[in-house]
Protein chains: 4
Amino acid sequence: MFFASDNSGPALPLVMAALADANTGYVMGYGADPIMNEVQAQIRETFDAPEAAVYLVSTGTTANALALATLTSPWETIFCSRVAHIQEDECNAPEFYTGGAKLTLVGDGDKVSPVALTAAIEAEENRGVHGPQRGPLSITQVTERGTIYTLDEIRTLTAIAKAHDMPVHLDGARFANAIEALGCSPADMTWKAGVDAVSFGGTKNGCLGVEAVIFFDPKHSWEFELRRKRGGHLFSKHRYLSAQMNAYLKGDLWRRAANTANARAARLVAGLKEVSAVSFAHEPQANMVFASMPRAKHKSLFEAGAVYHIWDGSLEGDDPNALVTARFVCDWSISEEQIDQFIALAQSTN
Amino acid sequence: MFFASDNSGPALPLVMAALADANTGYVMGYGADPIMNEVQAQIRETFDAPEAAVYLVSTGTTANALALATLTSPWETIFCSRVAHIQEDECNAPEFYTGGAKLTLVGDGDKVSPVALTAAIEAEENRGVHGPQRGPLSITQVTERGTIYTLDEIRTLTAIAKAHDMPVHLDGARFANAIEALGCSPADMTWKAGVDAVSFGGTKNGCLGVEAVIFFDPKHSWEFELRRKRGGHLFSKHRYLSAQMNAYLKGDLWRRAANTANARAARLVAGLKEVSAVSFAHEPQANMVFASMPRAKHKSLFEAGAVYHIWDGSLEGDDPNALVTARFVCDWSISEEQIDQFIALAQSTN
Amino acid sequence: MFFASDNSGPALPLVMAALADANTGYVMGYGADPIMNEVQAQIRETFDAPEAAVYLVSTGTTANALALATLTSPWETIFCSRVAHIQEDECNAPEFYTGGAKLTLVGDGDKVSPVALTAAIEAEENRGVHGPQRGPLSITQVTERGTIYTLDEIRTLTAIAKAHDMPVHLDGARFANAIEALGCSPADMTWKAGVDAVSFGGTKNGCLGVEAVIFFDPKHSWEFELRRKRGGHLFSKHRYLSAQMNAYLKGDLWRRAANTANARAARLVAGLKEVSAVSFAHEPQANMVFASMPRAKHKSLFEAGAVYHIWDGSLEGDDPNALVTARFVCDWSISEEQIDQFIALAQSTN
Amino acid sequence: MFFASDNSGPALPLVMAALADANTGYVMGYGADPIMNEVQAQIRETFDAPEAAVYLVSTGTTANALALATLTSPWETIFCSRVAHIQEDECNAPEFYTGGAKLTLVGDGDKVSPVALTAAIEAEENRGVHGPQRGPLSITQVTERGTIYTLDEIRTLTAIAKAHDMPVHLDGARFANAIEALGCSPADMTWKAGVDAVSFGGTKNGCLGVEAVIFFDPKHSWEFELRRKRGGHLFSKHRYLSAQMNAYLKGDLWRRAANTANARAARLVAGLKEVSAVSFAHEPQANMVFASMPRAKHKSLFEAGAVYHIWDGSLEGDDPNALVTARFVCDWSISEEQIDQFIALAQSTN
């Protein structure tokens, strides 16, 4: 009953096997390994983007920070959701990598809304050198609250950005879960919808630690390579990043793993709906579930061995009926049995 | 006959096995995995440093840049050799991570000499706010030219640094090779010799990608953790870093692998000494050999399939007898047969 | 009828005279001029702070950015009002000087409120290395909307900050206007109320270009001096900064100039209150007035030669009666005649 | 007998008068003052560069750091003399403003030599992402040792830079002294000789504190304006910078002041040549003189009230005959009488 995070479970067996397979012979380092050629070809085919520049790094924070730094001047501001990973979970990495750009938090929800984005952009209008200059829009798909932008929503947002000459970045730490939920193609959700750069996540979906950064316009290539090296993110034994990503892409493993994770979360949601006193703080659309239940019930669940994060509210407090919200994340490896066991437990406790 | 780099060969089987072993069940991320506790205990025991702060990152550039940033204010200068990795091979990562500190290049050789260090330090004296302020000394062991500081040499340099209140960093990308060559203890070569922080390399000596950063004074801990996160270098699935380092330390695997690499290099040196027209640009003391030979001989060797880097001079040019220097690196995985084959080839060509 | 800004009028005659007086003979540069000793003594006496560290710079953005950089680590966030100068008018200077810290915008109004501050601080709680760490509180007095924190309000905010070990900075670009409006001592409004560092403005109140940065705890001195030099803000011919500030402080010139500016603004407010269709967007408490009036009236005033900035809304548009808000700033040099002329004009136009 | 620095004497009377003249009425701030238009026109005419972008800042460090930051990416290295102001006297300002670029010190002398420059550039060749990338060449005219590049020397250096696609910056803190010494036009010494950006000094030659940054290609304009603002270097009451520079340019005041300073230095040199035991460490070509004399003589001169900086060696020590080198700087304001008095003193002491 481990719902703490999609970085807590084991890596996919096929990914592990690819690592072992890659561990033979001498190869050139720093991205010049032959497996990287396969990765590049697979990404370009997957995204229907034959010119795309493709790079691998080992963490999601790095993918976001390097991609954004390449798109953002130090005197600009990046428009993003108030709950974006780049705002809440990266210890100022975007500010560090951009050399001191700002983040403008748009609206109050899990998503950037068109109205709020327009207002935020216009608030930076006509300021000359005094205010921060407009930089990129960064959206997160799946959002940090487990919801998903429709293709129309993405296209509306990118159209606003483009109208102001702003590039668009997509934080796809859970890219695969969104693709499976929407049933669309990677191209549809990215460049065809106006996205310029993508952090394409592997780590949360069954890799050990690898993310691709994809620029649909390769003009950013050389600058990105320098930024990656300068940040210490260029692996000498790069084949071990390549091997992970290569296996992840092959035979749509990435989609199958996400499909499983989403299905597990759906099973969890279906079960929780049957539990009295449980409600959902956000509509669960992928592999994350934000559910509220009485404090006493959380305590019982924790005592029984369930592991997950409290999100809003606290287990401390006198009122056992106070509603406390928690986040439950399913990865590819959680079994149906664990979920059913958890739901049974939730039903039987107060 | 692959002598290009110690990042070109495969990882150690025991390291790979440890990765596979670690790939089971749910564990907390971001360094809170139980294997990391073992790593910390092993490092502390290995260095006879029960209070040391120990962190893992995935590249050597990162280890150096984060360690130095923790020891250096932006208005300071880091004293190092002209051929230090931090100067020549990190695309300004130290400047980036320190927020704009400077590097002062000391002397002209592979090592920092006491005389040159004293002169460089004194040149920054009495400048008030105008000049860069004195920051740490950073030395590299094994040096970038395959030579090794004696313990006396290290102690002399750190004494000069301490006399000026400067902390000392040791870039130990090839730490294991130096320990094996000197036959001393890790404590002798570090804190007992006046070193404050170490980049303890794993990648070049048989890991996939892991380096430990060790501070003998744990006061730097929290700042380092924030710098690591902000740089994108904190792994969510940290267990895969821990597992590599844990296996690397266990049963002195790290020393055994380095011992093998050093022995292979010694075999290469012994063989090359028998080859006419070959001389050594630096005294080979660990696993790197800088050898000069006629241009024509290099061409023959390359044509026969040998792989290594030309260091000084060029294969282009009319004179077949012009001396050109190359770097040959041996890792744990290169076989005696390959070396013998290479030497035979060197002997048989012009 | 020039109400555009308090940086548009001429400098005070006594300040100009002091510049001329200072222009004789040879003196040491870089802050070692004897006039700076007088400045330091005057500031310490004015603030009843005999240990205070005192430095001069030439712009308000510099004073704020350097003071905040000295108080803020790169992984922290600065809490400030959404309309703070450091957020809206410094082109990311705080982010630049801190090396990539973040600004957390507190609440929606001209002031930081205790409730919003507490909520913002608590939102950054218990995040480990993931979120930005809590840095200083920065408040602006006079606020960017012409209102003034009471001493009680300041003390309440600083108490919240202190309870979370956060230092407090006060952006006093219009410090003098606030002191005159409150009728309190500089000590009361700063260190006695929990403020640790002050940007003490001179430029907007009759100097050519000089601001003092004051740290009540001198432990920050040397770091500040290095930051100032590294930023290019240490004047070689420092006497010309010193002379301005010295004259500004002497005989309470700074208070007298601000008193005049405040009185002029009060006269403007009194007059505008008599004009129909004029209302105030914020309560005018110092030398800035935010007044709303019909679009057509603005157009008439501009045509008649009045100069000021439109703040909310636009002169473009069909509806002549649409309310548009403008900012009117009075400095020491604007005459009562100009104000009366402007009011007469406002009354006579539609 | 004050030879400490050209930032120690008073400002030129015409510059002071211009400040006073500018102190009337209301004008727009932040560079939109009408005097700035005159400055721009004068600079463009002076440099025969009708398209040049012209900006004012208040210190030489700022002019250099902002100009170089505009020309340099963070992963590049700036080639300069070992004794350049940007290396020795700016507390890492170039590293700060460029976001962490490096400085490559070329050769050992006061000037960058073509041979050393070529070697330094080639040392950064073919390194891929690993080494620092080649950034601009920065030369200093007058050099920090009082010598002057001939036009041929400048052209040779810029040709080397251009051949490697490197832009060229000229630190002209003593631009005027060089022009007077060479007798050439500003265009000859800059863009006609291959220079792309100039720090055109005013402060050391009779202004209070103003330097112009000139880009001959205006494509850099907007970025420079943002960098200037972000650095806190955009003056709100910009007219007081404009007024200084305007007066400085008018009627060739800048050349006349430098001519006087150079003539005073020549008188000093002529006099010192008559003093036994005095020799020159560098050939004095402008307004700085580096002279060596016995320790005892320095002590006598200091006791008699002379003020200047010891450069190499120390007044401390037993041997009264030990040679100690000092720097003597003449500005426009030093009188012939002072010089003659100093020489007489030097002749009469041991």
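Return the calculated 222 nm mean residue ellipticity for chain B, to the nearest 500 deg cm²/dmol, obtained by summing -39500 (n - 2.57) across DSSP H runs with n ≥ 4 and dividing by the residue count. Could the numbers behind the result be given before it?
On the way: 14 runs with 144 residues, N = 350.
One gets -12000 deg cm²/dmol as the mean residue ellipticity at 222 nm.
In whole angstrom, note down how far apart the Cα centers of the range A:153-229 and the range B:200-226 are.
The distance from the Cα centre of the range A:153-229 to that of the range B:200-226 comes to 32 Å.
Going by Cα centres, the range A:237-309 and the range D:261-288 are how many Å apart?
Distance between centres, Cα-based: 81 Å.
Hey, what D do you get for the range D:187-279 in µm²/s if you plug the Kirkwood alpha-carbon radius into Stokes-Einstein at 4 °C and 1.567 mPa s?
Values: Rh = 16.0 Å.
The diffusion coefficient I find is 81 µm²/s.
How big a patch of accessible area, both sides summed and in Å² to the nearest 100, lies buried between D and B at a 1.4 Å probe? Show your work: numbers first, answer last.
Details: alone 14750 and 14770 Å², together 27930 Å².
About 1600 Å² of accessible surface is lost on pairing.
Using a simple charge model, +1 on the beta-carbon of Lys and Arg, -1 on the beta-carbon of Asp and Glu, nothing else, what dipole does the protein assembly as shown show about its Cα centre, in debye to the nearest 20? Numbers along the way, then the final one.
Values: 116 positive and 164 negative charges, 1 e Å.
That gives the protein assembly as shown a dipole magnitude of about 0 debye.
Name the shape class, rounded, prolate or oblate, that the alpha-carbon gyration tensor gives for the range D:126-270, where a ≥ b ≥ c are the square roots of its eigenvalues, rounded holds for a/c under 1.5, and otherwise prolate holds if a/b is larger than b/c and oblate otherwise. Can you show the working numbers first?
Numbers: a/c = 2.15, a/b = 1.20, b/c = 1.79.
Verdict is oblate for the range D:126-270.
Taking B:K299 as the anchor, which aspartates and glutamates have their alpha carbon closer than 13 Å to its alpha carbon, excluding any fewer than eight residues away along the same chain?
Counting by Cα, and skipping residues close in sequence, B:K299 has these aspartates and glutamates nearby: B:E316, B:D318, B:D319.
Once you place label points 7 Å from the Cα toward the Cβ at B:V307 and B:S221, how far apart are they in nm?
With each label placed 7 Å out from Cα toward Cβ, I get 4.3 nm.
Distance in nm between label sites at C:S314 and D:N321, each 7 Å beyond Cα in the beta-carbon direction?
Roughly 8.5 nm, to one decimal.
Calculate how many DSSP beta bridges within the range C:13-253 are antiparallel, expressed in % of all such bridges and rounded to the nearest 5.
Numbers: 10 of 26 bridges.
For the range C:13-253, the DSSP antiparallel bridge percentage is about 40.
Run through the DSSP bridge list for the protein assembly as shown and note the antiparallel percent, rounded to the nearest 5. Each step should come with its number before you reach the end.
On the way: 88 of 156 bridges.
Approximately 55 percent, going by the DSSP bridge assignments.
Mind listing P(r) for chain B? All alpha-carbon pairs, 20 Å bins, whole percents.
It works out to 30, 54, 15, 0, in whole percents.
Which residue, chosen from B:Y97, B:V83, B:V112, occupies the Cα position most advanced towards the positive end of the dipole of the range B:75-117, where the dipole is computed from +1 (Lys, Arg) and -1 (Asp, Glu) charges on Cβ about the Cα centre?
B:V112
Expected output is a single nm value to one decimal: the length gained when fully extending between A:R44 and A:D252, i.e. 0.36 nm times separation in residues minus the C-alpha distance. What is it?
So the extension gain works out to 73.5 nm.
Please compute the per residue accessible area over the range C:2-78 with all protein chains in place, 1.4 Å probe, rounded to a whole number of Å². If you can, show how the numbers build up before the last one.
Numbers: 2360 Å² over 77 residues.
Averaged over the residues of the range C:2-78, the accessible area is 31 Å².
Would you mind pulling out the separation of the Cα centroids of the range A:109-146 and the range D:15-89, in Å?
After rounding, the separation between the Cα centres reads 34 Å.
Given Cα pairs under 8 Å that are at least 6 residues apart, what percent is the relative contact order of the range A:257-348?
On the way: 148 pairs, mean separation 34.9, N = 92.
38 percent.
Taking H as built 1.01 Å from N, whose amide H comes closer than 5 Å to the amide H of A:V106, not counting residues under 5 places away?
Those lying under 5 Å, H to H, from A:V106 are A:C80, A:S81, A:R82.
Past the 19 angstrom mark, what percentage of all C-alpha to C-alpha distances in the range A:1-152 do you count?
Details: 7638 of 11476 pairs.
That fraction is 67 percent.
How are the alpha carbon pair distances in the range D:254-346 distributed across 10 Å bins from zero to the largest one, expressed in percent?
17, 52, 26, 5, 0
For the range B:1-118, what does the relative contact order come out to in percent, with C-alpha contacts under 8 Å and a separation of six or more? Spell out each step's value before the answer.
Numbers: 97 pairs, mean separation 21.7, N = 118.
Across the range B:1-118, relative contact order equals 18 percent.
Just for the Cα atoms in the range C:296-348, what are the lengths along the principal axes, largest first, rounded to whole Å?
35, 22, 14
For the range C:134-140, in order, what is each residue's ³J(HN,Hα) by Karplus, 6.51 cos²θ - 1.76 cosθ + 1.60 with θ = phi - 60°, in whole Hz (x at glycine and Pro)?
Ordered by residue, 3J(HN,Hα) equals 5, x, x, 8, 10, 10, 10 Hz.
Just check the protein assembly as shown against the gyration tensor rule for me: Cα atoms, a ≥ b ≥ c as the square roots of the eigenvalues, rounded for a/c under 1.5, and otherwise prolate or oblate depending on whether a/b exceeds b/c.
On the way: a/c = 1.92, a/b = 1.13, b/c = 1.70.
Oblate, because a/c is 1.5 or more while a/b does not exceed b/c.
Looking at the range B:111-201, I'd like the Rg to Rh ratio, where Rg is from alpha-carbon atoms and Rh is Kirkwood's inverse mean 1/r. Walk me through the numbers before you get to the answer.
Working: Rg = 13.6 Å, Rh = 13.5 Å.
Value, to two decimals: 1.00.
Count the net charge of all other residues whose Cβ sits under 11 Å from the Cβ of A:A263, scoring Lys and Arg as +1 and Asp and Glu as -1.
Local net charge: +1.
The values are calculated or read from the model by the stated rules, or taken from the named source; none is laboratory data. Keep in mind the model is a prediction, meaning the values are calculated, not measured. Because the Cβ atoms are built from the backbone with ideal geometry, glycine has one as well, and the counts that use them run over all protein chains shown. Remember, those area values only see protein heavy atoms, side chains included, never the ligands or the DNA or RNA. Shrake-Rupley method; radii C 1.70, N 1.55, O 1.52, S 1.80 Å.
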